[in-house]
Amino acid sequence: MSVRAAVILLFGVVGACAAGGLSAMAGASWAQAVLTGAGAFLTLVAFLNTVIG
């Protein structure tokens with residue numbers, strides 16, 4: 001795994017945990033929080049893949 005891929009995945013995981021945690025703290029169910037985190041992960045990875053070149 002390259003350093004670029006590791007950085008992109010790391011930022012994706014951090015963003016997903018933040019989004020899921022904030023969603024859970026706002027009162028969403030655990031299933032909704034997990035889905036929010038998964039969506040944030042996929043979005044961040046796709047975005048960072050294009051930005052970090």
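For beta carbons closer than 7 Å, sequence separation of 6+ or different chains, a first residue in the stretch 16-32 that is more than 18 Å from THR43 (Cα to Cα) and a second that is in a helix (DSSP H, G or I) and of a type in the set (Gly, Ala, Ser), the qualifying pairs are ALA24/ALA33; TRP30/ALA24. Selection of the stretch 7-28 for residues being open to solvent by 40 Å² or more (accessible area, probe 1.4 Å) and among the aliphatic types (A, V, I, L, M) yields VAL7, LEU9, LEU10, VAL13, VAL14, ALA18, LEU22, MET25, ALA26. Criterion applied to THR36, THR43 was being open to solvent by 50 Å² or more (accessible area, probe 1.4 Å), modelled with pLDDT of 95 or more and in contact with a Ser or Thr (Cβ under 9 Å, 6 or more places away or on another chain), and the one residue passing it is THR36.
The values are calculated or read from the model by the stated rules, or taken from the named source; none is laboratory data. Here the structure is a predicted model, which is why all the values come from computation and not from measurement. Here the Cβ is made from the backbone with ideal geometry for all residues, glycine too, and neighbour counts use every protein chain on show. Protein only, heavy atoms only, side chains kept; ligands, DNA and RNA dropped before computing areas. Shrake-Rupley method; radii C 1.70, N 1.55, O 1.52, S 1.80 Å.
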